[in-house]
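Input: a single structure, listed below in structure tokens.
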Amino acid sequence: MIPFIDLKAQYRALEADIRARMDKVLEHGQYVMGPEVAELEERLAAYVGVRHCIAASSGTDTLLIAMMALGIGHGDEVITTPFTFIATGEMIALLGATPVFVDIEPRTCNIDASKIEAAIGPRTRAIMPVSLYGQCADMDAINAIAARHKLPVIEDAAQSFGATYKGRRSCGLSTIGSTSFFPSKPLGAYGDGGALFTDDDALAKAMREIRAHGQDRRYHHPRIGINGRLDTLQAAILLAKLDRFDWEVARRQSVGNAYSAKIAASCRSVGTPAIASYNTSVYAQYTIQLDDRDEIARRLNQAGVPTAVHYPLPLQRQPAFAVLDCARTSLVEADAVAARVLSLPMGPDLEDEVQDRIVASLCAAVSQSEKATI
Ligand SMILES: *Cc1c(COP(=O)(O)O)cnc(C)c1O
């Protein structure tokens, strides 16, 4: 079986550096908020091009911290996309607020900015677009709507760290950017992690405090917070991985583009990812669209090609949200796309000939399934 995401090849390339950096942490012993955390925050802020980076325990906790810093709570509403990982809507609901879902643009699978304004009401407190599969939502359009209504924008950039939008980096495009260092994300740790980005000094201070139990100095707590810190060992691993990250981002783009060219050349009925002209994607997932998705996934699996569905159920269909009034407008595009998407093995270390085998298996599975339906 081809690995769906090959993290071992990356480890082999970085092993000496990762081990040396971990050893240093084990020697100095500052396992929580050690010097590597501050060093990582500095490097990530410079990379994104914002004043503040706050490293945290996961890309779920960063969404929670961001919304707590904005004072979002019971009775409030946050506008977001239904076509995302559960965490996006889940953290809104955890705070007692209601996620209000706005339908997606079916080609990019990102929130349809032209439909946001109609969903804004007196209880709306923020807009939270997701930069899905590694490419940014149309952030300028979203920011313009938000500015008209004096709303903050949180970019859930868990899948898009390293991507650019009109030449600017994801995470630095709105009030707050939030990303994840889950191992399989474009920049992954060896456990859970995440980071927040902002140019707003007051929000940065609030998020820093909330990350550590709402304290401004030891045992003094002006606000309620959480235990949301990033482990020093994970920061050390991420510092080592950052040295290879530019190369990985470039590879991700060329592997993604090669997939699209190869698929377009040999099985044209498959929908390849649409990357907006102003975007570069880091292809957190390489996700195609197909009529007979489940049958083709089954055939690919038989051929030794693993696949995944991101995501089989849009959030308005999740039982966890059934009690909330989240789906006030038509979400037909999210429903339609959920039945069609299929993610293929992807990563910076995916070799050319392995990719050729995957595409050949895909095209064989598609033509078998087309014959079966005729
Ligand atoms: C992965 C992901 C998250 C959550 O990140 P974790 O680090 O796993 O908590 C949130 N939103 C999106 C869109 C994600 O893909």
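One table, with the values for the structure above:
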| quantity | calculated |
| --- | --- |
| Any chance ALA87 is of a type in the set (Gly, Ala, Ser) and more than 11 Å from the ligand (Cβ to nearest atom) | no |
| Wholly within the stretch 270-374, helices (runs of 4 or more DSSP H) carrying at least 1 residues that are loosely packed, with under 15 Cβ neighbours inside 10 Å and among the polar types (S, T, N, Q) | 293-302, 352-373 |
| Members of the stretch 25-52 that are buried (at least 16 other Cβ atoms within 10 Å of the Cβ) and not in a helix (DSSP H, G or I) | MET33, GLY34, VAL50, HIS52 |
| Selection within the stretch 128-152 - among the β-branched types (Val, Ile, Thr) and within 15 Å of the ligand (Cβ to nearest atom) | VAL130 |
| Strands (runs of 3 or more DSSP E) (entirely within the stretch 95-205) containing at least 3 residues that are over 18 Å from ALA276 (Cα atoms) | 98-101, 124-128, 176-180, 194-198 |
| Meets criteria (within 16 Å of the ligand (Cβ to nearest atom), farther than 21 Å from ALA284 by Cα and free of Cβ contacts under 8 Å to residues at least 40 places away in the same chain) for LEU94 | yes |
| Among the residues listed as SER174, SER178, SER184, the single one being surrounded by 21 or more Cβ atoms within 10 Å (Cβ to Cβ), at pLDDT 95 or above and within 13 Å of the ligand (Cβ to nearest atom) | SER178 |
| Some residue of the stretch 3-24 being buried (at least 23 other Cβ atoms within 10 Å of the Cβ) and more than 15 Å from the ligand (Cβ to nearest atom) | no |
| Complete set of residues in the stretch 155-169 that are in contact (Cβ under 8 Å) with a residue 60 or more places away in the chain, within 19 Å of ASP200 (Cβ to Cβ) and within 11 Å of the ligand (Cβ to nearest atom) | ASP156 |
| Matching residues, the stretch 53-66, being assigned to a helix (DSSP H, G or I) and within 14 Å of ARG208 (Cβ to Cβ) | ASP61, THR62, ILE65, ALA66 |
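Per-residue answers, yes or no, for (1) in contact with a strand residue (DSSP E or B) (Cβ under 6 Å, 6 or more places away or on another chain); (2) modelled with pLDDT of 95 or more; (3) under 20 Å from PHE85 (Cα atoms):
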| site | (1), (2), (3) |
| --- | --- |
| SER281 | no, yes, yes |
| GLU333 | yes, yes, yes |
| GLY347 | no, yes, yes |
| GLN368 | no, no, no |
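The values are calculated or read from the model by the stated rules, or taken from the named source; none is laboratory data. Since this is a predicted model, take the numbers as computed values, not measurements. When we count neighbours, we look across all protein chains shown, and the Cβ atoms used for this are built from the backbone with ideal geometry, even at glycine.
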